[in-house]
Every structure is written in C-alpha cells, then in structure tokens.
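All remarks here apply to the structure that follows.
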Amino acid sequence: MKLATLASALLGLSAFFVAAPALAAADLAVSIPAPTAAFVYDDLAYDVVVTNHGNKSAAAVTLTITLPETHTSPNVHVMGILGAVDSRCAPSGTQLVCQLGSLGKSATTTVSFAIALPEAAETLAVAAEATTSSKEFNLADNVASDAPALLHYATALEDGDVLLNQHCTGQGLTSFYECTLYPSSISAHESVLHGDGTISFVDAPPGYTGVWSQSSDESLEFTYLYSGAVVAEFVGYGSSPGCFEGITSFPGSPYVAPYEVCVE
C-alpha cells in the first residue's frame, strides 16, 4: 500500500515538472528562402520568414535585416537600391528594423522587401535576426542569411570598339556603385579596342598602351602599360547591355579604382 502511494506521488511530481510554466517559452526561427536570381541592378524580391515554434506567444517581436554595406568613408551606405519594403519596417542606417508585434505559438509571418544589388568584387549578403521580449531557451535559429545569385549581361566586344571608362579611386572599394554615390569623384577616359588584342587611348600621353581579352562574353579583362610596364589591371563583368563593371588594381599600391566600361 505504501509502495503504491509512493509511486503515485512520484508520477504526480513528474507530471507537475513537465507541465510547469517555467518550461513554457517562445521559440523564434528565421529563414530566408533564396530569391529568384536576377541581373545586377535588378530588384531581388526577398521574403524573410519568422516562425514561433514555441509553446508560448512571443511578444514585441523585432526583425532586424542587415543589408550589404559600402566601403565608403566617413559615411557608409547600403550597397544597393531598396525597392518596395514591408510597411512594418523602417530604414535605420544600413538595416531595416521591423516591428512585428506579438507572434502566437506555431504562428508565422513573412516580411518582404526588394533590393537591387550592384556588381561587386565581394559576396553581397543579406542577414536577418529576430528578437522578442518573451523568454526564449533556443536562440540558435533566430538568425539567417542569404548570398543571392546575380546574373551578368553578355556583350561580345569587337575590333574598333570605343570604350568610355568611368572610375573613381580609393582604398577598400569593391563596386563602381560606390563611385556613383559621390559623382564628383568620377573621372573618365576613352580607349579603343583592336582585333589583335591591343588597346590604344584617346588623348593619352605618349607611352601608354594596353591589352584586352574576354574569357566569356560576360566578362572583360584588360591591362594598361606605360613604357612596357604594367600600371593597371582590370577584371569586370557585364552590368548592363554594353557595359562592364569591376575593379582596377595598381601593382604595389593599396589603392583600387572601380570602373564602369561601356561601348560608346
């Protein structure tokens, strides 16, 4: 009789612990499905999905979306152009801060926005993190990120093509888009492509020559030389019909020059 009473008490105590309110909590999870691939400078349509997998409502849910940043100084900007943004979100520097209110247990909400990303010599990624004022035991799935696939335009260059080369110069820059944010920093020169793979320049001082090539119609590579010595090397990719964007490096220099190169 005593053993039965003890077993019954233990079972009741076990049930109490399982059902104890201390074990009830919200559990936010964030996912970013990969958007449909788009050309550089075309809108990518993002959906950020926030789900509460917990057994308790999540109060005051905030979703913070971190967008790619420029390497400009002293001011830093979003590396891209925002399109339509969910009405629950507001820009804050290079982030979107979205106030989602309460999210019930097993409930899901989706935050949508569009962004056009430029050609860049780095991987551009979008990240998101969800927080709540409610108790959470599992924070491992509160963050997610995505590095979208960007498509490039194809332009087959030919003998005699005249190129307009626009550029700015700085340290750490990775995209011509950064130049466009400061138009007064942009300078330009013209070059002429020849069928034998050489380059000549319009109105350049004597001694400057170059060579060019395309590993595919979506890319352009060229090297500038002065008196036979390499002074600049460019690698770019199709950013619009007839144009390429990329980075020019200078041997032995910490400076780089983002270029936009377009057939005139």
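The values are calculated or read from the model by the stated rules, or taken from the named source; none is laboratory data. As the structure is a computational prediction, the values presented were derived from the model and not from experiment. Cβ sites come from the backbone with ideal geometry, for glycine too, and all protein chains shown count toward neighbours. Ligands, DNA and RNA are excluded from the accessible area calculation, which covers all protein heavy atoms including side chains. Shrake-Rupley method; radii C 1.70, N 1.55, O 1.52, S 1.80 Å.
Can you compute the modelled spin-label distance between Ala34 and Ser213, with each label point 7 Å from Cα toward Cβ, in nm?
Rounded to a tenth, the inter-label distance reads 3.0 nm.
Tell me the per residue accessible area of the chain using a 1.4 Å probe; a whole number in Å² is fine.
Result: 50 Å² of accessible area for each residue.
Work out, step by step, the length gained on full extension between Val192 and Thr131: first 0.36 nm times the residue separation, then minus their alpha carbon distance; give nm to one decimal.
Stretched out fully, the Val192 to Thr131 stretch lengthens by 16.4 nm.
Could you please state how large a percent of the accessible area of the chain is carbon and sulfur, counting protein chains only and using a 1.4 Å probe?
Percent of accessible area from carbon and sulfur atoms in the chain: 58.
Of the DSSP beta bridges with both residues in the chain, give the percent that are antiparallel, rounding to the nearest 5.
95 percent
Provide the FRET efficiency to the nearest 0.05 for the Val235-Ala59 pair, computing r from the beta carbons and using R0 = 41 Å.
With a Förster radius of 41 Å, E is 0.25.
Once you place label points 7 Å from the Cα toward the Cβ at Val76 and Ser184, how far apart are they in nm?
For Val76 paired with Ser184, the spin-label model returns 2.5 nm.
Where Lys and Arg each count +1 and Asp and Glu each count -1, what net charge lies around Thr36 among other residues with Cβ under 15 Å from its Cβ?
Overall, the nearby charge balance is -4.
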